Amino acid sequence: MKKNKYSMNRFHNNKGFSFLELMVVVVILGILATYVAPRFMGRADDAKSVKAKVDIVSIETALKLYKLDNGVYPTTDQGLAALVEKPGTEPVPMNWKEKGYLEKARVPKDPWGREYLYLSPGIHDDYDIISYGADGVPGGEGKDKDINSWELE
């Protein structure tokens with residue numbers, strides 16, 4: 001088979017991208033980042049809010065099981081700790097489940113590292129569970145908005 005002098009040259013002279021080609025790629029990536037990055041910024045705050053809602057629903061399920069076994073919800077003084085350790089204060093649960101009511105045998109903290117506020121009886125329901133959001137104080141908007149058990153769907 002006879003080799004063409006141009007076919008051999010074509011493979012040996014390939015030296016990579018030119019500076020202009022690289023600059024075009026950088027500009028295109030910059031334009032894409034300008035439009036795409038803002039859509040993903042703030043997603044961490046959204047994820048924390050969703051995690052707080054999931055935690056509250058999980059705690060509510062554990063509270064319902066506790067009440068089913070013992071006839072009452074833990075008091076505010078007994079707190080959410082009653083879901084992982086048998087309370088010694090009145091009303092002492094008579095049918096407390098040996099391994100507790102929460103997975104991992106611990107009460108989760110909210111996504112911002114603070115304890116959930118628990119009131120029983122609650123102001124809005126039999127019990128209220130509250131996370132004060134990113135700022136840790138009542139009220140707020142956006143990432144600082146409170147997440148309350150009585151407002152969950």
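Just so it is clear, none of the values below were taken in a lab; they were calculated from the coordinates. The model shown is predicted, which means the values in this text are computed figures rather than measured ones. Heads up, the Cβs are rebuilt from the backbone with ideal geometry, glycines too, and the neighbour counts pull from every protein chain shown.
At-a-glance table
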item: Coordinate range along principal axes, alpha carbons of segment 45-151, Å, largest first; result: 43, 28, 19
item: Cα centroid separation, segment 95-135 to segment 55-70 (Å); result: 10
item: Kirkwood Rh, angstrom, segment 36-97 [1 / mean 1/r, Cα pairs]; result: 13.6
item: Mean projected area (nm²) of the alpha-carbon convex hull when segment 113-153 is viewed from all directions; result: 3.0
item: About the Cα centre, charge dipole magnitude for the chain (Lys/Arg +1, Asp/Glu -1 at Cβ), debye; result: 2020
item: Calculated [θ] (222 nm, deg cm²/dmol) that DSSP helices of n ≥ 4 give over the chain, each run adding -39,500 (n - 2.57); result: -13000 deg cm²/dmol
item: ILE31 paired with THR76, simple spin-label distance in nm, labels 7 Å along Cα-to-beta-carbon; result: 6.0
